[in-house]
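The values are calculated or read from the model by the stated rules, or taken from the named source; none is laboratory data. Because the structure is a prediction, the values reported are computed rather than measured. Cβ atoms come from the backbone with ideal geometry, glycine included; neighbour counts cover every protein chain shown.
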Amino acid sequence: MSANPYPLGLRLAGRRVVVVGGGAVATRRVPALLDADAEVLLVAPEVTPALQAHVDAGRLHWRPRRFVPEDLDGAWLVQVAVDDPHAAAAVSAVAAERRIFCVRADDRAAATAWTPAVTRHGPVTVAVLGGGDPRRAVGVRDAVRELLNAQAAAGVGPVAGVGVGPPVPVGSGDAVTPPAGPVGRVALVGAGPGDPELITVKGWRLLTEAEVVVADRLVPGLLLDELRPDVELVDAAKIPYGPSRTQEEINRILVDRALAGKVVVRLKGGDPYVFGRGGEELLACAAAGVPVTVVPGVTSAIAVPAAAGVPVTHRAVAHEFTVVSGHVAPDSPASLVRWEALAGLRGTLVVLMGLKNLAAITATLTRHGRDAATPVAVVQEGTTGAQRSLRSTLGTVAADVAGAGLRPPAIVVIGEVVDALTG
Ligand code: SAH
């Protein structure tokens, strides 16, 4: 293609964008479309678990079948993310007929629009087109990102002080450098609770240096959207075994890639050691002689209540907070939690993974002495654009959550702090 592309910023809020294909490319493209508030229609016989999660949360609409021309009714833009060139060409032919711009993952020359390499800094978006060479675009994007991050860290430059993305400290001592010998390394990185800007500076830097990223379902999609195209992205939610085999398989992938000399980031929601099985991964790597760095994350246990206006401690209100998993029912023989003892505490109780067993948990706490009038807040998808929350009391919260239709991931905060900032 000889002519230069004409750059534009598409304002997609409320406008239909059709994504054809439900694999890795679609998984990477969809978060930025959702971030732009596009009305996303996904057409694919099958989708990845990450896309399924968007469908389940009602963020996009999925037609579970092959593409038909009517799928483009009302569309402003089409993203073709299928491997089969014939299927892709069929979609772009319909798009061309209808004068709808069409991005083709499989064939840049056939596309009528190209997606640039992007870096986002608060309100500033930098988009780079590499004249047909995606690697050049990514190289320029990385250089610009580094410059803006360094300037922001120094408090100067065009994006300083505007809520910039994580600054990259220049010349920091413990950078992950490409391995000298055959063994790579693994970083267990906390991605934060959901807002992509809540990853740590160090976590972000390691992510930009990674050759392999193994990501959990709860990891913010926009972080993955900025990965270089040559990074191997392993979706841990997609590994097709039961919970225990899946963990074994994740451990195996981490160790295998590192032993092959790769720089691996294991990206986990929140903090890697808060109900994240990070310890098991560390032990597996250590047993194989793979060096591991652990990068703490902002845990949802503290950040999600805060995002809903609840401080986990407050002067003269609560001098302690306890974080507990509600995954195992209180009366189960497998429970390791002394709920009757927790009922006797007067501080803040933060329950993760607690929705399924909420009725049993609240009944146990009140039976053992916690006041049924204790204020409770429940926060779903905290720190994200989809955050929902409700206020209730220990006695009524289980019914209120069911009534409001709140769903995981959600956090339950129990204690007087729930009212601390609202009076
Ligand atoms: N390591 C994670 C927790 C993993 S357990 C951390 O430190 O945050 C998964 C549980 O975390 C979910 O079931 C939910 O209870 C909670 N959670 C994680 N992210 C959340 C979010 N954005 N909003 C509400 N709850 C969240």
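Of everything in the range 117-128 that's touching a residue at least 24 places away in the same chain (Cβ under 8 Å) and crowded, with 18+ Cβ neighbours inside 10 Å, which residue is farthest from the chain's Cα centre (by Cα)? Per the stated criteria, the residue is Ala117. Within the range 291-308, residues that are within 10 Å of Asp271 (Cβ to Cβ) sit with their Cβ atoms under 9 Å from residues that are away from the ligand (no atom under 11 Å from the Cβ) and among the polar types (S, T, N, Q), at 6+ positions apart or across chains, in these pairs: Val295/Thr200; Pro296/Thr200; Gly297/Thr200; Val298/Thr200. Inspection of the range 407-418 identifies at least one residue that is out of contact with any helix residue (DSSP H, G or I) (no Cβ under 9 Å at 6 or more places or on another chain), crowded, with 20+ Cβ neighbours inside 10 Å, touching a residue at least 24 places away in the same chain (Cβ under 8 Å) and of a type in the set (Gly, Ala, Ser). Based on what the data block shows, is Leu222 among the aliphatic types (A, V, I, L, M), part of a helix (DSSP H, G or I) and either modelled with pLDDT of 95 or more or under 28 Å from Gly122 (Cβ atoms) (or both)? For Leu222, the condition - among the aliphatic types (A, V, I, L, M), part of a helix (DSSP H, G or I) and either modelled with pLDDT of 95 or more or under 28 Å from Gly122 (Cβ atoms) (or both) - is met. Pairs meeting the criteria (first residue in the range 129-150 and loosely packed, with under 15 Cβ neighbours inside 10 Å and of a type in the set (S, T, N, Q), second residue at pLDDT 90 or above and not in a helix (DSSP H, G or I), beta carbons under 6 Å, at least 6 apart or on different chains) are lacking. For the range 243-262, does any single residue satisfy the condition of being surrounded by 15 or more Cβ atoms within 10 Å (Cβ to Cβ), within 22 Å of the chain's Cα centre (by Cα), in a loop (DSSP other than H, G, I, E, B) and within 16 Å of the ligand (Cβ to nearest atom)? Looking through the range 243-262, none of the residues is surrounded by 15 or more Cβ atoms within 10 Å (Cβ to Cβ), within 22 Å of the chain's Cα centre (by Cα), in a loop (DSSP other than H, G, I, E, B) and within 16 Å of the ligand (Cβ to nearest atom). Among the residues making up the range 349-390, those that are under 30 Å from Leu222 (Cβ atoms) and among the hydroxyl-bearing types (Ser, Thr, Tyr) are Thr383, Thr384, Ser389. Of all positions in the range 5-14, none carries a residue that is over 22 Å from Asp195 (Cβ atoms) and buried (at least 18 other Cβ atoms within 10 Å of the Cβ).
Checking Ala50, Ala36 one by one, the residue that is among the small types (Gly, Ala, Ser) and in contact with a strand residue (DSSP E or B) (Cβ under 7 Å, 6 or more places away or on another chain) is Ala50 and no other.
Does Asp83 meet the test of being assigned to a loop (DSSP other than H, G, I, E, B), touching a residue at least 40 places away in the same chain (Cβ under 8 Å) and farther than 30 Å from Gln387 by Cα? Criteria met by Asp83.
Look at Leu283 and say whether it is within 14 Å of the ligand (Cβ to nearest atom), assigned to a helix (DSSP H, G or I), within 23 Å of Lys202 (Cα to Cα) and in contact with a helix residue (DSSP H, G or I) (Cβ under 9 Å, 6 or more places away or on another chain).
Taking the combined requirement at face value, the residue does not satisfy it.
Checked across the range 357-370, the condition of being of a type outside the set (A, V, I, L, M, F, W, C), loosely packed, with under 14 Cβ neighbours inside 10 Å and under 25 Å from Gly382 (Cβ atoms) holds for no residue.
Every residue, every condition in (1) under 22 Å from Ala110 (Cβ atoms); (2) assigned by TED's automatic domain parsing to the domain that holds Leu129; (3) touching a His at 6+ places or on another chain (Cβ under 9 Å); (4) touching a residue at least 40 places away in the same chain (Cβ under 8 Å), yes or no:
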site	(1), (2), (3), (4)
Gly9	no, no, no, yes
Gly21	yes, no, no, yes
Leu33	yes, no, no, yes
Ala36	no, no, no, no
Glu39	no, no, yes, no
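When Val213 is tested against the conditions (1) farther than 16 Å from Thr48 by Cβ; (2) of a type in the set (Val, Ile, Thr); (3) assigned to a strand (DSSP E or B), the lone failure is (1).
Condition check: within 16 Å of the ligand (Cβ to nearest atom), at pLDDT 95 or above and closer than 21 Å to Ala410 by Cβ. Does Ala237 satisfy that? Taking the combined requirement at face value, the residue does not satisfy it.
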